[in-house]
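Every number here is computed from the coordinates shown, using simple stated rules; none is lab data. All of these numbers come straight from a predicted model, not from anything done at the bench.
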Amino acid sequence: MQVGMPRMDFLINSSSGVVVTTTELDRERIPEYQLRVVATDAGTPTKSSTSTLTIRVLDVNDETPTFFPTVYNVSVSEDVPRDFRVVWLNCTDNDVGLNAELSYFITSAALPPALLCRLPGVGPASGERPTLATRAQPLLEPP
């Protein structure tokens, strides 16, 4: 949370009270601003009032999912049982909400197109962490 306006990301019109942005906002960098606003009159003596303006920056899908590590190299014995967990992939997206929900797909020139698949029930809504398993559903069949 950014308190005050040290970066001057916002300006206020001193006559109208309209607050405007002065730069592109980035929710991943500063998700919320709390600005102290003072209004004064022109009388004698001067009277004033103070308010706090909270500005929440809403997310847009501007971040790219990132694998860590970026390359996985695993070995697996040919006699592993069915449903053997081969690897647990780690991918994150710095967006929030639906913009951060990830789906995993296997695509490879080494696989015939009919075997391109997706893993059902994986993601924040299901509570499952992403897993690459030996059993997956074909892309054209419902989960």
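Applying 0.36 nm per residue to the separation of residue 25 and residue 90 and subtracting their alpha-carbon distance, the gain on full extension is 20.6 nm.
Amide H to amide H, with H built 1.01 Å from N, residue 106 comes under 5 Å of 117, counting only residues 5 or more places away or on other chains.
In this structure, the amide hydrogen of residue 57, modeled 1.01 Å from its nitrogen in the peptide plane, lies closer than 5 angstrom to those of 32, 33, counting only residues at least 5 positions away or on a different chain.
Phi angles of the stretch 22-38 translate, via the Karplus equation with coefficients 6.51, -1.76, 1.60 and θ = phi - 60°, into HN-Hα couplings of 10, 8, 6, 8, 9, 4, 5, 8, 9, x, 8, 10, 10, 10, 8, 10, 10 Hz per residue; Gly and Pro are given as x.
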